1. State whether one or more residues within the stretch 29-36 are in a helix (DSSP H, G or I) and crowded, with 20+ Cβ neighbours inside 10 Å.
2. With the condition kept exactly as written, say whether any residue in the stretch 133-142 is surrounded by 13 or more Cβ atoms within 10 Å (Cβ to Cβ), away from the ligand (no atom under 13 Å from the Cβ) and within 18 Å of the chain's Cα centre (by Cα).
3. Assigned to a helix (DSSP H, G or I), at pLDDT below 90 and touching a helix residue (DSSP H, G or I) at 6+ places or on another chain (Cβ under 6 Å) - does that describe any residue in the stretch 214-232?
4. Checking the structure you have, find out if any residue of the stretch 62-72 is under 19 Å from the mean Cα position of the chain (by Cα), at pLDDT 95 or above and either within 19 Å of ASN17 (Cα to Cα) or within 13 Å of the ligand (Cβ to nearest atom) (or both).
5. Take ARG74 and tell me if it is touching a residue at least 12 places away in the same chain (Cβ under 8 Å) and assigned to a loop (DSSP other than H, G, I, E, B).
6. Any idea which of ALA81, ALA105 is aliphatic (A, V, I, L, M), surrounded by fewer than 20 Cβ atoms within 10 Å (Cβ to Cβ) and over 18 Å from the mean Cα position of the chain (by Cα)?
7. I'm trying to understand the selection: among the residues of the stretch 103-127, which are within 11 Å of the ligand (Cβ to nearest atom) and not small (Gly, Ala, Ser)?
8. For the stretch 161-202, what are the residues that are of a type outside the set (A, V, I, L, M), exposed (fewer than 13 other Cβ atoms within 10 Å of the Cβ), modelled with pLDDT of 85 or more and farther than 30 Å from ARG94 by Cβ?
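The values are calculated or read from the model by the stated rules, or taken from the named source; none is laboratory data. Quick caveat: nothing in here was measured; it's all calculated off a predicted structure. In this analysis, Cβ positions are derived from the backbone assuming ideal geometry, glycine residues included, and neighbour counts consider all displayed protein chains.
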Amino acid sequence: MSIPVRIVLVGTTHPGNIGAAARAMRTMGLDRLSLVAPREFPSPEATARAAGADDVLESARVCATLDEALAGCRFVIGASARLRALPWPAVTPREAAPRLLAEGAHGEAAVVFGRESSGLTNEELARCHALLHIPTNPEYSSLNLAMAVQVVAYELRLAALEEGAPEQERIDPLASAEELERFYEHLERTLVAAGFLNPANPRHLMLRLRRLFNRALPEENEVRILRGVLSALEPGRSGPPGKPTEEELR
Ligand code: SAH
């Protein structure tokens with residue numbers, strides 16, 4: 001699974017962080033890395049810290065400016081350790097991930113990370129549609145750059161897995177409309193016989209019960225059980241309880 005979201009690292013000072021970010025990406029199935037004016041790249045330290053995720057480093061695009069790195073991107077989120085005075089919509093990685101995936105499917109989407117020393121400038125943040133902040137201890141909010149990349153990449157993977165998860169397979173088929181009707185008739189008869197439902201003044205009782213059962217999407221088997229329960233409760237019923245006859249089930 002390749003997750004179509006670009007990771008952009010701006011002005012990274014420590015090449016080790018570039019390698020560690022590449023590793024973080026690789027573990028989560030991201031492979032699009034752009035580096036804006038890194039201090040040192042390529043670098044043996046980056047390769048060492050990538051620990052085998054060399055392909056992400058090899059295909060990394062090195063750009064002179066953020067504009068260049070964001071060329072072709074339609075949706076951009078900036079990761080910031082500080083919740084700025086800048087009145088920008090701020091989202092958590094969990095909120096950002098499905099949006100990034102959805103936008104990434106239509107055109108490219110990117111997450112921009114700042115410098116180790118000073119983060120992103122306000123001008124850089126203003127290029128972003130939203131700010132992403134990883135909730136932290138307010139007294140110490142700055143994660144290591146590669147660790148911030150890891151958190152975001154992990155949420156992207158979780159969101160992608162959820163998106164691609166196959167519909168839960170149904171083991172038993174849903175009860176047919178006819179089966180449901182026979183159940184409701186059976187229920188109504190039983191309630192009238194028990195004196196709970198007054199046919200002269202039914203109000204909306206059956207309607208409400210239908211709404212309740214229909215909300216549960218009853219399966220064939222479940223309707224069979226419910227009808228068995230109704231039969232077992234019928235007054236004057238002979239024979240062992242809980243075993244509906246063919247006749248009763250019809
Ligand atoms: N000292 C810098 C933080 C640099 S950490 C500052 O105060 O801005 C390097 C980068 O990692 C940040 O620019 C940001 O992109 C990312 N990062 C670190 N902690 C983060 C957090 N809590 N939420 C979102 N991104 C974070």
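1. no
2. no
3. No, the stretch 214-232 contains no residue that is assigned to a helix (DSSP H, G or I), at pLDDT below 90 and touching a helix residue (DSSP H, G or I) at 6+ places or on another chain (Cβ under 6 Å).
4. Looking for residues that are under 19 Å from the mean Cα position of the chain (by Cα), at pLDDT 95 or above and either within 19 Å of ASN17 (Cα to Cα) or within 13 Å of the ligand (Cβ to nearest atom) (or both), one finds none in the stretch 62-72, hence no.
5. Considered against the rule, which asks whether it is touching a residue at least 12 places away in the same chain (Cβ under 8 Å) and assigned to a loop (DSSP other than H, G, I, E, B), ARG74 comes out as no.
6. So the residue among ALA81, ALA105 that is aliphatic (A, V, I, L, M), surrounded by fewer than 20 Cβ atoms within 10 Å (Cβ to Cβ) and over 18 Å from the mean Cα position of the chain (by Cα) is ALA81.
7. VAL111, VAL112, PHE113, ARG115, GLU116, LEU120, THR121, GLU124, LEU125, listed by residue number.
8. Residues satisfying the conditions are GLU185, GLY195, PHE196, ASN198, PRO199, ASN201.
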